[in-house]
Every structure is written in C-alpha cells, then in structure tokens.
Amino acid sequence: MRILSGIQPSGVLHIGNYFGMMQPAIALQAEGEAFYFIADYHALTSLHNPEALRENSRRVAVDFLACGLNPERAALFLQSAVPQVTELTWILSTIAPMGLLERAHSYKDKIARGMAASAGLFNYPVLMAADILIYDSDTVPVGKDQKQHIEITRDLAVKMNETFGEIFKLPEPRINAATEVVPGIDGQKMSKSYHNNIDIFGDEKETRKRVMSIVTDSTPVEMPKDPAGSTIFQLYSLFASKNEVGGIREQFQKGGTGYGDFKKQLFEKLWDYFAPMRKRREEILADKSYIDDVLTRGAKRANEIADQVMQRVRTAIGL
Ligand code: ADP
Ligand code: TRP
C-alpha cells in the first residue's frame, strides 16, 4: 500500500493539524510505503514572502519529524523538489471541468473570507490531484475538510482513464472519525485562519494562556456541566486515556468543579503529551545537516516514482 499526504507550510502547526492529519499519517507509516510532503507550491496561493515560505517549510519538516515521522519508513520532501507535479497539473487541467472546480468548498470559503481569487487558488484542487496521482497513491490520510479534494482527484483520474486508457489508480481518503474536526478555543473548527489555534510547539506561557481562554458557558461551579458540548472536554479526550476521560466526565456531571480547574487539567495533559516531542525537536534542531539530509533522500525517492508515472502519462496522451 502506498500512503501519501501533504501539509501546507502556511503557518505554525496546531493540534488540529496534529490529530487531523499528522498523527494518522505517522501511525500509517508502519503499514506501507509512505510519502509525506510540505506543500510549498500550494502555500504560494496565500503566501508571497520568500523568507517566510522558506522558514515555514523548514519548520514544518522539523515539527513533523519531532512528532514521530520516521524518515527510514516515510519519504519526507518538499513538493517543489518534484517539479514534474506541475506538468501533471497542466495536463489534468485540460480535462478538468470548470463546474467541478467551481463547486469546491475550500475555494468558495477562501474567497468568502476575502482572499484574492487567483487562477492558482481556483486550480488548487488540480495541483492536489496531481500530487496524489503522480505517486500512484492508494491511501491519503487527511482531515475532513480535505475530503472533497480527494473526491475531485478521483473524478479527474476517472476522466483521464476514460479518455486515455488506464493510467491512474483511484486513491481513498483516510479520515479518522474521532478527530475529524478538532475544535479551537472558540469552539469552531481549529484553524490558523480563525486565530483560535493552540500550537503543538507553542511556548509554555502562551500555550497556558490559550488553554485558559477557551470559551465556555456560564454554568456556576457547583452545578453539573455537559461534557459533550464542552470544548475543554473534547480536547481533553484527545490527550487522555479512556479511564481519565471517564473520570473527568464524572467530574463534569457531578458538579462542584469550575471550568478554570478543568482548563488547568487540560493544560497539564496537553503539555505532558508533547513533552517527548519537544525534546526530540531540540535534538533535530541541534544537528545542522539532519533536515537537509532527510529532505534530499525523500526527494530522491519521490522523483523516482514521479518520473515513472509521468513517462506512463506522456506516452498515454501523445506527448
Ligand atoms: P488550517 O485550517 O489551520 O489552515 P490546513 O488547512 O493547513 O489547516 O490543514 C492541514 C491538515 O490538517 C489537513 O489535512 C486538515 O484537514 C487538517 N486539519 C486542520 N485543521 C483541523 C482541525 N481543526 N481538525 C482536524 N483536522 C484538521
Ligand atoms: N490541501 C492540503 C491542505 O491544505 C495539503 C495538500 C496538498 C495535500 N496536496 C496534498 C494533502 C495531497 C493530501 C494530499 O491541508
């Protein structure tokens, strides 16, 4: 089985990214041949600052490795280290129906939030389809918000296969039901663009502050509280064992504990959970050539597959 996923280096990684995409991707690396990349071409749809793009890309690589990506099992590389993917994007765009792209939620949401409607932003799902199809990927671990992009990828693969003969495999999304939408501190989906994020490697003071500012209702301390509707409880459940979750559920239902106390418990859990990863991160940062070596090796492996698939595509379509 070939597993593939990507993440944009458009900012600092948060715990929604971690539980929605990174942790499932890391868990899957033992089950097959994994390819994980930093989607720097995609990030250009929102970021036009060369230093920031370079720095974020490196940081995402460091953070992903610190969280447990094993470069002996998974190829980690920059999307732009495989420029063939832009050739495939062009080819796919010649068969991509306008209507299909016009229906993309992600595009519509971004425009609604005030992003400029560039041709690149509109074509974003076609580049993503090329990312997936160029590695003959079987399984794509992502958060729920990317599901439609995988459906578009499948539609484009089917259309290519119908037009030119069997070229592409049809990939399957892998969405973890328990973590499909991680809430942010305001209770909405956690997202850096909503400024409601808690970062994986934020400093202690800032992280505590973010946790303590989680929005709650005004149920008094002594009254029972509804765990299901609480962002604190939902986040706590991501970090704690079944027993611990059972324990805090009881405390919610019994009454007598205020939200401030629950937030403190959540902060402790979250902070401890990422402690080994913070340590690993320091080690990675201390070894100056490590990241470059990992990315170079990953890019080499990715290029080998991409070259083979592109040869197949070019022959099939008459180039
Ligand atoms: P953001 O919304 O912060 O810009 P991205 O769109 O870059 O995050 O998402 C990168 C990956 O993380 C995607 O696979 C996405 O589905 C996943 N992801 C992002 N936010 C969440 C969330 N709140 N819950 C679950 N998964 C998420
Ligand atoms: N669009 C994805 C996101 O914003 C990132 C991405 C780009 C991706 N290409 C991909 C994810 C291919 C999975 C497969 O999160």
Next item on the list: For the stretch 142-166, enumerate the residues that are crowded, with 18+ Cβ neighbours inside 10 Å and away from ligand 2 (no atom under 14 Å from the Cβ).
Entry: Met160
Notebook entry, point to check: In the stretch 9-20, which residue that is part of a loop (DSSP other than H, G, I, E, B) and in contact with a strand residue (DSSP E or B) (Cβ under 8 Å, 6 or more places away or on another chain) is most open to solvent (accessible area, probe 1.4 Å)?
Noted result: Val12
Check: Could you list, in sequence order, the residues of the stretch 47-106 that are open to solvent by 50 Å² or more (accessible area, probe 1.4 Å) and of a type in the set (Ser, Thr, Tyr)?
Finding: Thr86, Thr94
Notebook entry, point to check: Which of the residues spanning the stretch 268-311 are among the basic types (Lys, Arg) and either open to solvent by 80 Å² or more (accessible area, probe 1.4 Å) or more than 25 Å from Lys209 (Cβ to Cβ) (or both)?
Noted result: Lys279, Arg280, Lys288, Arg297, Lys300, Arg301
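For the structure I just gave you, tell me whether Lys254 is exposed (fewer than 13 other Cβ atoms within 10 Å of the Cβ), among the basic types (Lys, Arg) and modelled with pLDDT of 95 or more.
Working: exposed (fewer than 13 other Cβ atoms within 10 Å of the Cβ): yes; among the basic types (Lys, Arg): yes; modelled with pLDDT of 95 or more: yes.
Yes, satisfied.
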Next item on the list: Collect the residues in the stretch 116-141 that are open to solvent by less than 10 Å² (accessible area, probe 1.4 Å), among the hydrophobic types (A, V, I, L, M, F, W, C) and either within 8 Å of ligand 2 (Cβ to nearest atom) or within 21 Å of Leu13 (Cβ to Cβ) (or both), keeping them in residue-number order.
Entry: Ile132, Val140
Notebook entry, point to check: If you go through the stretch 167-193 one residue at a time, how many are open to solvent by 50 Å² or more (accessible area, probe 1.4 Å), more than 16 Å from ligand 2 (Cβ to nearest atom) and either of a type in the set (Asp, Glu) or more than 28 Å from Thr216 (Cβ to Cβ) (or both)?
Noted result: 1
Margin query: Whether any residue in the stretch 241-248 is among the polar types (S, T, N, Q) and exposed (fewer than 12 other Cβ atoms within 10 Å of the Cβ) is what I want to check.
Written below: yes
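The values are calculated or read from the model by the stated rules, or taken from the named source; none is laboratory data. Only a predicted model underlies this, so the values are computations on that prediction, with no experimental measurement involved. All Cβ positions, glycine included, derive from the backbone under ideal geometry; neighbour counts span all protein chains shown. All accessible areas refer to the heavy atoms of the entire protein, side chains included, with ligands and DNA or RNA removed. Shrake-Rupley method; radii C 1.70, N 1.55, O 1.52, S 1.80 Å.
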